[in-house]
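The values are calculated or read from the model by the stated rules, or taken from the named source; none is laboratory data. If you're wondering where the values come from, they're calculated on a predicted model, not measured in any experiment. Glycine also receives a Cβ, built like all others from the backbone with ideal geometry; neighbour counts cover every protein chain displayed. With ligands, DNA and RNA removed, areas are computed over all heavy atoms of the protein, side chains included. Shrake-Rupley method; radii C 1.70, N 1.55, O 1.52, S 1.80 Å.
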Amino acid sequence: MPNIHSLGLPRIGHKRELKFSLENYWRGDSTAQELDTTAQQLRQQRLQLQSNLDWHSVGDFSLYDHVLDTSVMLGNIPTRFEHDGSIPALDNYFRMARGRSTQASAPVSAGEMTKWFDTNYHYIVPEFSADTRFELNADKLLQEIAEARLLGAKPKPVILGPLTYLWLGKARDATDKLALLDVVLPVYEQLMLKLAQEDIEWLQIDEPALVLELTADWQAAYAAAYRRLGKLTPKILLTTYFGQLQDNLELACQLPVDGLHIDALNAFSEIERLPALLPDNKILSLGIINGRNIWKTNLTTTLDWLEPIHQQLQDRLWLAPSCSLLHVPMDLESETGLDHEIKSWLAFALQKLAELELISLALSQGRESVALQLQENKRALDARAASDRVHKTAVKSRCSQISPTMMQRNSHYPVRSQLQRKMLHLPRYPTTTIGSFPQTSEIRLLRKKNRQGELTQADYKKAMQTEIQHCIREQEACGLDVLVHGEAERNDMVEYFAEHLAGYAFTQFGWVQSYGSRCVKPPILYGDVSRPEPITLEWAQYAQSISDKPVKGMLTGPVTMLNWSFVRDDQSRRETCQQLALAIRDEVCDLEQVGINIIQIDEAALREGLPLRTSAWQEYLDWAVQCFKLTANGVTDHTQIHTHMCYSEFNDIIQAIADMDADVITIETSRSNMELLDVFDAFAYPNEIGPGVYDIHSPNTPSVDEIVSLMQKAAQRIPAERLWVNPDCGLKTRHWDEVKPALLNMVKAAKQLRAMT
């Protein structure tokens, strides 16, 4: 029977216990010991979930982020977090993650945060400089190994590999990241010696950077690094995932390690070559279950291609999900309210582990041993393929009629901007926010009561109008120039819109970690998409009716709707995105018709949809930009279109962002200290831009001087008349007592900037 294992599991718990425990600690409502107790319980649950596997992953659990954990394990602590020993290690960890530990602690600039490869998971970017030193701190990993052994588990520690760690980091000076390899490798060697002393047999080292386009020096560094590490014990299972290895395939197969994991779904075309490329003494682990999406595996098809490989490799074949199950919800059985037919098409983390067991059993004992399960699996997949809930002729017909003129504004930006300035009468350095305001417990309770029928629709509408009015008045009191209605009615920027579109289904407990305590509940995009009726008009009209200042209409764009959903796998992502674009286009046109003159279409997830290899970027960017333009460009020149992007690297796709031709783009720059603006030294961005000056993922309040300084950096690259002042993301996760002083400082800074010009 092939060994079965996981590369990692969800961390947050069945009921988001980690989220609530973290937030209690940060508020000062619980102790470090109480947080540690919750973490131990969650780790024990994760081991129990792996009880039927041959190896039990440990070390992938994190209180905030596994890349930050790696920085701590390697002793790579930026100098601004150094202290005299007065700050407990846990609190310093949270200072690096979010700029502060508890509410009472002193603020500091948090580590930069960006997306983990092409996922919606965020990691804390490692920082390197000429002063970077590494020193092993393996206490966390060793503790988790000891916990696993007490429960009778067979631990397989999981760590991030040295090359991927360096690749993910940023040098804060002229330091060559790759030159640090010889400095960090001795720490990895020390770690392996400690694990050998703990009688660890297998160590999983994650090197997903191997699926990227690596230069010759990075390829050579891989060979050099694993020549050193491969001489040591424990045995190394080198894991790659998220894509094909292509020109790195032979390199990965020949590295002197004991086993190699390949994402057999994304790299399916490479599987046939593996048995010949891999030395006879190496284990081959195949990721045969999708760790990124929630559809059932086609067990019969998988067995068809897997059986010959098993016959050839026998005990040298291991089986696993394609990547860590961090990216999917925990347990489908919790979804008692989900439509039964749609539920029959799905598999969450626990069901994926069960699929893994079934395939292993079929390989070792024959398909007849699981014949009933294979039949049930086939029935569900056939029903999905034939369902008229999935396929809608009218939607496909409308998509076939899309024309190039639907993606074009009537006039170019210079003409539009003059018309918009005359209509809006905004000052130089106009101030605004990204859309959402604090989601208080009172707001969440109102939505819950309405959902459960305890609050009539009329009473709910009145209550939401009260919240909108409060939000408008607070913004007016702060002196903002362009207002938003605050999005009190929205549970999530994607899920809310999905609830009003045909083709989506929703879970009750399908939470996935985005970063730290932030969890999202991606909707399930199972069928052709359309908009049955307007979604936001009523709220936008009410907000505009109670203020003389312009109020933005707030929408989520089609690419973000696509990338932040569990998207269907039975048609191209491009086709699905076109359907979303047409549905949201209807909303844009309706907003304009009722007098909303500024409409923001958020594309926060544009970059994370990029293929991992740059050679494939252009095809994606072409259709993604076209879908945005299809959504936005049904309006007149007088209507100002905004878009927003957050927490990704945008310098290398700036031309595509310009091609979107939004009148205004707001974008994250605060944590990266306006690093994004470096691209404008060589690229003349043609439209207006609001570089975020308020890091909303930290409880810290930006000072007036800090904001002025950041905006002055921006004004060196972009004319002042095309600059906006705004936070770097929405404010829903913050509290009013944090938001108001930050916005007041933002407005004061804008006034200072106007006085200087």
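Identify all residues within the stretch 304-343 that are over 24 Å from G243 (Cβ atoms), among the hydrophobic types (A, V, I, L, M, F, W, C) and not in a loop (DSSP other than H, G, I, E, B); write none if there are none.
The answer is L332, I342.
Kindly indicate whether Q420 is over 33 Å from the mean Cα position of the chain (by Cα), in a helix (DSSP H, G or I) and surrounded by 15 or more Cβ atoms within 10 Å (Cβ to Cβ). Give the steps one after another, and end with the answer.
Values: over 33 Å from the mean Cα position of the chain (by Cα): yes; in a helix (DSSP H, G or I): yes; surrounded by 15 or more Cβ atoms within 10 Å (Cβ to Cβ): yes.
Against the criterion (over 33 Å from the mean Cα position of the chain (by Cα), in a helix (DSSP H, G or I) and surrounded by 15 or more Cβ atoms within 10 Å (Cβ to Cβ)), Q420 qualifies.
Exactly one condition in (1) of a type in the set (S, T, Y); (2) under 22 Å from D492 (Cα atoms); (3) open to solvent by 40 Å² or more (accessible area, probe 1.4 Å) is not met by T576; state its number.
Unmet condition: (3).
Among the listed residues A543, A498, which satisfies the condition of being touching a strand residue (DSSP E or B) at 6+ places or on another chain (Cβ under 8 Å), of a type in the set (A, V, I, L, M, F, W, C), open to solvent by less than 10 Å² (accessible area, probe 1.4 Å) and under 27 Å from S324 (Cα atoms)? Spell out how you get there, then give the answer.
Working: A543 fails: under 27 Å from S324 (Cα atoms).
A498 is the lone residue from the list that is touching a strand residue (DSSP E or B) at 6+ places or on another chain (Cβ under 8 Å), of a type in the set (A, V, I, L, M, F, W, C), open to solvent by less than 10 Å² (accessible area, probe 1.4 Å) and under 27 Å from S324 (Cα atoms).
Among S387, S324, which is open to solvent by 20 Å² or more (accessible area, probe 1.4 Å), in contact with a Gly (Cβ under 8 Å, 6 or more places away or on another chain) and at pLDDT 95 or above? If you could, list the steps in order and put the result at the bottom.
On the way: S387 fails: open to solvent by 20 Å² or more (accessible area, probe 1.4 Å).
Being open to solvent by 20 Å² or more (accessible area, probe 1.4 Å), in contact with a Gly (Cβ under 8 Å, 6 or more places away or on another chain) and at pLDDT 95 or above holds for just one of S387, S324, which is S324.
Each row is one residue, and each column tells you yes or no for (1) out of contact with any Asp or Glu (no Cβ under 7 Å at 6 or more places or on another chain); (2) among the charged types (D, E, K, R).
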residue	(1), (2)
T215	yes, no
F242	no, no
I271	yes, no
N293	no, no
T300	yes, no
E307	yes, yes
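Go through the stretch 427-467 residue by residue and tally those that are more than 17 Å from D492 (Cα to Cα), hydrophobic (A, V, I, L, M, F, W, C) and open to solvent by 30 Å² or more (accessible area, probe 1.4 Å).
2
I need the full set of residues from the stretch 423-447 which are at negative phi, part of a loop (DSSP other than H, G, I, E, B) and under 32 Å from the mean Cα position of the chain (by Cα), in order please. So that I can check it myself, show each step before the final result.
Here is the first cut: in the stretch 423-447, the ones at negative phi are 423-424, 426-428, 430-434, 436-447.
Within this subset, residues satisfying the condition of being part of a loop (DSSP other than H, G, I, E, B) are 426-428, 430, 432-434, 437-440.
Hits for the stretch 423-447 are P430, T432, T433, I434, F437, P438, Q439, T440.
Write out, first by first residue and then by second, each pair whose Cβ atoms fall under 8 Å of each other, whose residues are 6+ apart or on separate chains, and whose first residue, in the stretch 231-258, is farther than 24 Å from F117 by Cβ while the second is among the acidic types (D, E) and surrounded by fewer than 21 Cβ atoms within 10 Å (Cβ to Cβ).
Pairs found: L232/E189; P234/E201; K235/E201; K235/D258.
Let me spell it out: the conditions are (1) under 22 Å from the mean Cα position of the chain (by Cα); (2) more than 30 Å from P329 (Cα to Cα), and I641 meets all of them except one. Which number is the exception?
Looking at each condition in turn, I641 falls short on (1).
Just give me the residues in the stretch 199-230 being among the small types (G, A, S) and assigned to a loop (DSSP other than H, G, I, E, B), in sequence order. Write out each step before concluding.
Of the stretch 199-230, the ones among the small types (G, A, S) are 209, 216, 220-221, 223-225, 230.
Residue satisfying the conditions is G230 alone.
Could you tell me which residue of the stretch 397-411 is farthest from V588 (Cα to Cα), considering only residues that are in contact (Cβ under 8 Å) with a residue 12 or more places away in the chain and open to solvent by 80 Å² or more (accessible area, probe 1.4 Å)?
Initially, the stretch 397-411 is screened for residues in contact (Cβ under 8 Å) with a residue 12 or more places away in the chain, giving 398-399, 402, 406-411.
From what's left, open to solvent by 80 Å² or more (accessible area, probe 1.4 Å): 398, 408, 410.
Working: R398: 17, Q408: 14, N410: 16 Å.
The residue in question is R398.
Identify, by number, the condition in (1) under 26 Å from P741 (Cβ atoms); (2) assigned to a helix (DSSP H, G or I); (3) among the small types (G, A, S) that A498 doesn't meet.
(1)
Only residues that are open to solvent by 40 Å² or more (accessible area, probe 1.4 Å), within 19 Å of D304 (Cα to Cα) and small (G, A, S): list them for the stretch 335-370, please.
A354, S364, S369, listed by residue number.
Counting just the residues of the stretch 125-140 that are open to solvent by 10 Å² or more (accessible area, probe 1.4 Å) and touching a strand residue (DSSP E or B) at 6+ places or on another chain (Cβ under 8 Å), which one comes out modelled with the lowest pLDDT?
So the residue we want is S129.
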